Each structure stands twice: as structure tokens, then as C-alpha cells.
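Read through the structure below, which is laid out as C-alpha cells, and then see the notes.
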């Protein structure tokens with residue numbers, strides 16, 4: 001058997017972890033929104049893209065990588081509690097950022113903020129924790145300096161015999177996200 005075959009052979013290509021990623025093993029933590037954290041029922045790792053430019057040549061243009069990565073919004077869906085506490089947390093944040101009446105809400109948001117200056121309460125970090133199949137924290141996705149850009153409506157209807165829970169979807173813009181592994185004694189993962 002040749003040395004080259006041994007380097008690319010099937011024995012060198014076995015996955016380190018044969019377990020599949022499951023869609024229902026996650027937690028979302030938003031420091032600014034304690035009521036929303038415990039009712040989150042869906043979230044995503046957003047897509048990213050890299051715009052490119054075409055370099056003109058005397059023959060065919062050559063694609064070249066762009067300079068700035070474009071991040072899709074972070075989207076999460078949560079179950080709305082009957083007092084609307086978690087919905088109101090987000091609604092207040094969006095409304096005060098948007099200053100629909102005056103800038104007093106925006107000023108109040110900054111003064112009561114949790115983050116470092118100059119943004120203080122305008123932004124908040126979000127952590128998406130992905131769990132193993134045994135419900136142990138495995139992967140951490142840190143979204144830096146987030147703020148909400150949309151909050152979906154909450155529909156109501158009397159045309160149902162089996163009412164379901166109401167859910168709401170929120171979207172956030174952020175500066176960047178980073179993916180890290182958690183520290184685990186048995187699998188050798190490193191700390192973020």
C-alpha cells in the first residue's frame with residue numbers, strides 16, 4: 001500500500017464524533033431578556049456570505065474575495081406567556097430604540113443599560129448553547145452587540161376547538177458571531 005493512499009485512506013477520515021446534531025438540543029440566553037430566555041423554542045445559527053468582486057483581465061474575469069462578511073439576522077421563536085411578559089421585554093426594547101414619540105425612551109434605555117459605554121442598554125450579547133445528545137453543553141455561539149430589528153405579530157382566533165400556545169419570532173442584528181466548544185473533561189474540548 002502506498003504512503004499517499006495511507007494519508008488519504010478511509011481510516012484517516014473517520015469522524016471524531018459519530019453523533020448527529022439534533023434540532024431540539026439548545027438553549028438561548030439573552031442577558032437583557034430573562035423572561036424570554038426560558039421560553040425559546042427555536043433559534044438558528046445564521047448563514048454568512050462573502051461578497052466578491054470580478055477582476056477584469058484581457059480574457060475571462062477572475063473572481064476575487066471581498067472584504068466584508070455579511071451575516072444574516074439571528075432569528076429566534078419563543079412561546080409567549082399569558083401575561084405577555086416576555087413579549088413586552090422585546091417590544092419595549094424595539095420601541096425605545098425606534099423612538100416613536102420622542103427620544104426619552106432611547107435615553108432611558110441607555111441610562112438603565114447593562115452593557116459598557118457608550119451603548120450601555122442599547123445592545124446585548126446573545127449566547128446560543130448547543131447541547132449534546134445527553135443534554136450537556138457542547139457548542140457556544142456568541143452573538144456580539146445585538147439589538148432587535150423585528151418582532152412578529154401574535155395572532156388570535158376563535159375559529160379553533162383545540163387552542164395552541166402563541167409563539168412570536170424576533171430577529172436580531174449583531175456585529176459578528178463566534179463559535180466555541182465548551183470545556184469537557186471526557187472529550188478534550190477546549191474552553192472558549
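The values are calculated or read from the model by the stated rules, or taken from the named source; none is laboratory data. Because the structure is a prediction, the values reported are computed rather than measured. Backbone-built Cβ (ideal geometry, glycine too); neighbour counts: all protein chains shown.
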Tally up the residues in segment 170-192 that are surrounded by 13 or more Cβ atoms within 10 Å (Cβ to Cβ), farther than 15 Å from residue 128 by Cβ and modelled with pLDDT of 85 or more, please. 1
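With segment 34-121 as the region, which strands (runs of 3 or more DSSP E) entirely inside it contain at least 3 residues that are surrounded by 14 or more Cβ atoms within 10 Å (Cβ to Cβ) and at pLDDT 90 or above?
Details: elements: 40-43, 52-55, 62-65, 74-79.
So the answer is 74-79.
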